Amino acid sequence: MNIQWYPGHMTKARREMETDVRIVDMVIELLDARAPYSSGNPEIRRLGQGKERVIVLNKADLADAATTAAWQRAFQAEGAHCVAMDARGSGNRKLLMRTIDAAAEAKRERDRKRGILNRPVRAMVAGIPNVGKSTLINMLSGRSSAKTGNKPGVTRGNQWIRFHQSVELLDTPGILWPKFEDPAIGEKIAFLGSINEMIVDKTELAVTLLGFLQANGKLAGAAERYALTGTESPVEMLCRIAERRGCLGAGGAADTEKAAAIVINEFRSGALGRISLEAPEEEKTDGTQNAER
């Protein structure tokens, strides 16, 4: 599949971020823990150069725990502060606040030396669509300060949210970059739900997902859930899933479109198991690959 999606509002959002980043002290970038490389926007990294960097590996409850721990070590080796969590869980609030405080310590020390006391740290929260930025802000603030939704493009404009005397957060719209040079990146973030589904053929996406899981030894959860042997082709798998889930059309023919929606939704919800789509030893995290995008 060759998936490309860069609507006009993302260009406007990127320009606004270029202006706003000048007045923030740090950038908190949310990545999907299942695909930290593919869900990392090189534009956000570029905009945040010279700022303290906090990486939140969100939706960690859906990713392989050992692989996520390896990603944490890789980002920390770059000098970033990195935490893995599920932004929907309020129990992670203290963990994230400790991470933000650690990242802000150098800034606060500079302020103290200049006689500036109690000035709040300003942090830009950024990431690709549907990675959980607004959910994270609402978790931190303890109220519905930002709009949320299980689809890309819910947040369209920047908004400041002060939830603590010491921290102000800037919620920003999810943005992608103009072109995915590697088709695998577009596929992975489509698997995660960060691409507008109106432009994606669900049947083709499900077949691609099943093929990816099969080729990378990650099919066990789907095989058990759908009673697959694992030797079928991806198209055959989808047809069998349609039959076993009662997705049948006229004359008993397999309705692969309905079956595709089931596969995609159950992957995204974690029903197929905790699956990481990539590991740090397979990808570069230092930004050199992003410069090629």
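The values are calculated or read from the model by the stated rules, or taken from the named source; none is laboratory data. Since this is a predicted model, take the numbers as computed values, not measurements. A quick note on method: Cβ atoms are made from the backbone with ideal geometry, for glycine too, and the neighbour counts reach across all protein chains shown. Ligands, DNA and RNA are excluded from the accessible area calculation, which covers all protein heavy atoms including side chains. Shrake-Rupley method; radii C 1.70, N 1.55, O 1.52, S 1.80 Å.
Tabulated data
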{"quantity": "Some residue of region 157-168 being at pLDDT below 65 and either out of contact with any Leu (no Cβ under 7 Å at 6 or more places or on another chain) or of a type in the set (Lys, Arg) (or both)", "calculated": "yes"}
{"quantity": "Inter-residue pairs, beta-carbon under 6 Å, first on the phi > 0 side of the Ramachandran plot and modelled with pLDDT under 95 and in region 227-247, second surrounded by 14 or more Cβ atoms within 10 Å (Cβ to Cβ) and not in a helix (DSSP H, G or I), 6+ apart", "calculated": "GLY230/LEU219"}
{"quantity": "Test: residue in region 86-96 that is open to solvent by less than 20 Å² (accessible area, probe 1.4 Å), under 24 Å from GLN159 (Cα atoms) and modelled with pLDDT of 90 or more", "calculated": "yes"}
{"quantity": "Filter result for ALA223 (closer than 30 Å to ASP86 by Cβ and modelled with pLDDT of 95 or more)", "calculated": "yes"}
{"quantity": "Residue list for region 62-101, restricted to those being over 21 Å from ILE44 (Cα atoms) and among the small types (Gly, Ala, Ser)", "calculated": "ALA63, ALA65, ALA66, ALA69, ALA70, GLY89, SER90, GLY91"}
{"quantity": "Residue in region 98-134 that is most open to solvent (accessible area, probe 1.4 Å), counting only those that are modelled with pLDDT under 90 and of a type in the set (S, T, N, Q)", "calculated": "ASN118"}
{"quantity": "Some residue of region 47-56 being at pLDDT 95 or above and outside any strand (DSSP E or B)", "calculated": "no"}
{"quantity": "Test: residue in region 179-200 that is aromatic (Phe, Trp, Tyr), touching an Asp or Glu at 6+ places or on another chain (Cβ under 8 Å) and at pLDDT below 95", "calculated": "no"}
{"quantity": "Subset of region 33-52 [over 16 Å from ARG268 (Cα atoms) and either crowded, with 20+ Cβ neighbours inside 10 Å or out of contact with any strand residue (DSSP E or B) (no Cβ under 8 Å at 6 or more places or on another chain) (or both)]", "calculated": "TYR37, GLY40, ASN41, PRO42, GLU43, ILE44, ARG46, LEU47, GLY48, GLN49, GLY50, GLU52"}
{"quantity": "Test: ALA65 is of a type in the set (A, V, I, L, M, F, W, C), open to solvent by 50 Å² or more (accessible area, probe 1.4 Å) and in contact (Cβ under 8 Å) with a residue 12 or more places away in the chain", "calculated": "yes"}
{"quantity": "Qualifying residue in region 5-13 (condition: open to solvent by 30 Å² or more (accessible area, probe 1.4 Å), touching a helix residue (DSSP H, G or I) at 6+ places or on another chain (Cβ under 9 Å), part of a helix (DSSP H, G or I) and of a type outside the set (S, T, N, Q))", "calculated": "no"}
{"quantity": "Residue check for ALA184: touching a helix residue (DSSP H, G or I) at 6+ places or on another chain (Cβ under 8 Å), closer than 24 Å to GLY132 by Cβ and touching a residue at least 24 places away in the same chain (Cβ under 8 Å)", "calculated": "no"}
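The rows are residues; the columns are (1) of a type outside the set (Asp, Glu); (2) touching a strand residue (DSSP E or B) at 6+ places or on another chain (Cβ under 9 Å); (3) open to solvent by 30 Å² or more (accessible area, probe 1.4 Å).
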position	(1), (2), (3)
ALA215	yes, no, yes
GLU236	no, no, yes
ARG240	yes, yes, yes
ASP255	no, yes, yes
ALA260	yes, no, no
GLY270	yes, no, no
SER276	yes, no, no
GLU281	no, no, yes
